[in-house]
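Student: Before we start, here is the structure in question, set down as structure tokens.
The values are calculated or read from the model by the stated rules, or taken from the named source; none is laboratory data. Keep in mind that this is a model prediction, so the values were computed, not measured. Here the Cβ is made from the backbone with ideal geometry for all residues, glycine too, and neighbour counts use every protein chain on show.
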Amino acid sequence: MKEEQFIPKPYINSIDDGSFTWSSPSNIALVKYWGKKQHQIPENPSVSFTLSDCKTITKLSFSKKESASDFSFEVFLDDEKKDDFKPKIVTFFKRIENYLPFLKDYHFKIQTSNSFPHSSGIASSASGMSALALCLMSIERALNPKMTNEYFIQKASFLARLGSGSACRSLEGDLVVWGKHKDIDGSSDLFGVKYPFRVHENFKNYQDTILLVDKGEKQVSSTVGHNLMHNHPFAEERFKQAHKNLSNLISVFKEGNIDAFVEIVESEALTLHAMMMTSLPYFVLMKPNTLEIINKIWTFRKQTGSKVCFTLDAGANVHMLYPEKETETVLKFVNNELVAYCQNGHYICDKIGFGAKQL
Ligand code: DP6
């Protein structure tokens with residue numbers, strides 16, 4: 001697939017107004033996307049678990065304008081007007097205008113809400129951008145009803161990527177690969193694809209408990225963070241390592257080897273943070289409580305034989321990943337030993353999910 005293939009032919013239908021609503025989940029990367037080229041092309045392939053309960057619901061209402069001038073839209077979060085969201089959406093619209101030539105023909109009302117609190121330190125860009133991309137694709141499908149489901153989902157992921165890279169992994173469940181990888185046929189830098197190989201029972205219904213260590217705004221925006229990989233002294237090795245980790249995960253998933261999974265996932269999380277610590281300028285995104293939690297997880301694993309592991313995004317919060325059958329013991333551990341390190345004692349229980357839904 002090339003970018004040009006997402007430029008549509010003239011539409012068959014015309015439509016004056018309407019609305020579409022989509023619910024789209026967040027995702028947690030196992031092999032991390034960190035570093036991008038122009039036009040949101042990743043420097044390395046990544047793979048993520050799609051989440052189930054952390055999601056964004058977006059309703060997009062549209063009405064035809066008298067004349068196609070500039071982009072025209074208003075945006076609401078939980079029914080409250082959010083003009084500070086507008087610049088990000090304008091950037092998104094500019095990036096995708098070529099692929100959705102109807103964008104300037106309509107006035108849009110974007111009404112969005114998240115299942116997780118806005119100030120939880122959980123990034124809503126993946127779920128938010130994928131939900132908006134899906135609503136826009138529903139309009140395109142109304143204009144071109146012959147569109148196949150495969151094209152619909154691929155283009156929605158392609159558009160979501162142009163809003164926020166990791167958003168292209170948030171449409172389908174339950175494991176999604178984004179970025180060209182030699183062992184994965186059909187993988188692409190342009191959109192996410194469902195992980196195509198066998199996944200052992202051990203990983204079915206995998207759990208993700210998110211410990212909210214710091215609910216504040218991100219210390220470093222992801223765009224700034226990705227840019228720090230340009231001219232980074234360890235960049236090339238890091239990109240190679242991501243390819244290798246993804247190759248290794250293929251047999252790990254097939255064989256159900258959770259110990260090897262733990263090693264890859266934790267190493268990926270620490271490498272992401274190591275990249276931030278060794279860039280110029282440098283950043284430490286973990287908080288003391290992040291480290292306390294990591295050490296407690298390691299001790300718990302040693303003492304109990306549990307398979308729980310951690311991963312991190314570009315922030316201080318800790319995602320604890322573990323098999324479904326350990327849910328009770330891990331939550332006991334969280335309540336007894338880890339809530340003290342969470343801001344206001346807050347954490348969120350989630351698990352692997354099956355992707356976005358039209359409502
Ligand atoms: C650390 O997708 O937020 O979560 O493309 O600039 O919007 P932009 O970046 P974004 O980066 C997410 C990076 C990460 C790792 C990952 O999800 O793979």
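Student: Note down all Cβ pairs under 7 Å where the first residue falls in the stretch 294-310 and is surrounded by 15 or more Cβ atoms within 10 Å (Cβ to Cβ), the second is of a type in the set (D, E, K, R), and they're at least six residues apart or on different chains.
Tutor: Listed pairs, sorted by first residue: Lys296/Glu337; Ser306/Glu326; Lys307/Glu326; Val308/Arg301; Val308/Glu326; Cys309/Glu266; Phe310/Glu266.
Student: Could I ask something else about it? For the stretch 29-59: of the residues being among the aliphatic types (A, V, I, L, M) and over 25 Å from Ile110 (Cα atoms), which is surrounded by the fewest Cβ atoms within 10 Å (Cβ to Cβ)?
Tutor: Ile41
Student: Of all the residues that make up the stretch 287-320, how many are of a type in the set (Gly, Ala, Ser) and within 16 Å of the ligand (Cβ to nearest atom)?
Tutor: Of the residues in the stretch 287-320, 3 are of a type in the set (Gly, Ala, Ser) and within 16 Å of the ligand (Cβ to nearest atom).
Student: Another question, if that's okay. Here are Val318, Val330, Val262, Val284: which of them is of a type in the set (A, V, I, L, M) and in contact with a Lys or Arg (Cβ under 7 Å, 6 or more places away or on another chain)?
Tutor: Val262
Student: Here is a follow-up. Here are some residues: Ser24, Ser19, Ser48, Ser14. Which one is of a type in the set (Ser, Thr, Tyr), over 20 Å from Met276 (Cβ atoms) and within 22 Å of the chain's Cα centre (by Cα)?
Tutor: Ser24 is the lone residue from the list that is of a type in the set (Ser, Thr, Tyr), over 20 Å from Met276 (Cβ atoms) and within 22 Å of the chain's Cα centre (by Cα).
Student: Which one is farthest from the ligand (Cβ to nearest atom) among residues in the stretch 220-236 that are surrounded by 14 or more Cβ atoms within 10 Å (Cβ to Cβ) and part of a loop (DSSP other than H, G, I, E, B)?
Tutor: Ranking the candidates gives Phe234 first.
Student: Follow-up. Considering the stretch 5-39 alone, what residues qualify as being out of contact with any Lys or Arg (no Cβ under 8 Å at 6 or more places or on another chain), closer than 28 Å to Ile57 by Cβ and within 16 Å of the ligand (Cβ to nearest atom)?
Tutor: Ile28, Leu30, Lys32, Tyr33, Lys36
Student: Based on what the data block shows, is Ala29 in a loop (DSSP other than H, G, I, E, B) and either touching a residue at least 12 places away in the same chain (Cβ under 8 Å) or hydroxyl-bearing (Ser, Thr, Tyr) (or both)?
Tutor: In short, no.
Student: Looking at the stretch 43-65, can you tell me whether even one residue there is on the phi < 0 side of the Ramachandran plot, part of a strand (DSSP E or B), without any contact (Cβ under 8 Å) to a residue 12 or more places away in the chain and within 16 Å of the ligand (Cβ to nearest atom)?
Tutor: no
Student: So which pairs qualify, if the first residue must be in the stretch 121-144 and among the β-branched types (Val, Ile, Thr), the second must be crowded, with 20+ Cβ neighbours inside 10 Å, the Cβ gap must be under 6 Å, and the two must be at least 6 apart or on different chains?
Tutor: From the stretch 121-144, the pairs are Ile122/Phe116.
Student: A further question on this structure: Given (1) within 14 Å of the ligand (Cβ to nearest atom); (2) more than 16 Å from the chain's Cα centre (by Cα); (3) farther than 20 Å from Ala131 by Cα, identify the lone condition not met by Thr91.
Tutor: (3) is the only condition that Thr91 fails.
Student: Check Gly121 against each of (1) modelled with pLDDT under 95; (2) more than 23 Å from the chain's Cα centre (by Cα) and name the one condition it does not meet.
Tutor: Checking Gly121 against (1) modelled with pLDDT under 95; (2) more than 23 Å from the chain's Cα centre (by Cα), the one that fails is (2).
Student: Consider only pairs whose beta carbons are under 7 Å apart and that are at least six residues apart or on different chains; among these, list those whose first residue lies in the stretch 210-225 and is in the same structural domain as Ala316 (by TED's automatic domain parsing) and touching a residue at least 60 places away in the same chain (Cβ under 8 Å) and whose second residue is of a type in the set (D, E, K, R) and in a loop (DSSP other than H, G, I, E, B).
Tutor: Short answer, once both residue conditions are applied: Val213/Lys287; Asp214/Lys287.
So that you can scan it fast, the table gives a plain yes or no per residue for (1) within 16 Å of the ligand (Cβ to nearest atom); (2) on the phi < 0 side of the Ramachandran plot:
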{"site": "Lys146", "(1), (2)": "no, yes"}
{"site": "Gly179", "(1), (2)": "yes, no"}
{"site": "Lys182", "(1), (2)": "no, yes"}
{"site": "Phe197", "(1), (2)": "no, yes"}
{"site": "Asp208", "(1), (2)": "yes, yes"}
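Student: Could you tell me whether any residue of the stretch 74-88 is within 11 Å of the ligand (Cβ to nearest atom) and either surrounded by 14 or more Cβ atoms within 10 Å (Cβ to Cβ) or of a type in the set (Lys, Arg) (or both)?
Tutor: Yes, the conditions are met somewhere in the stretch 74-88.
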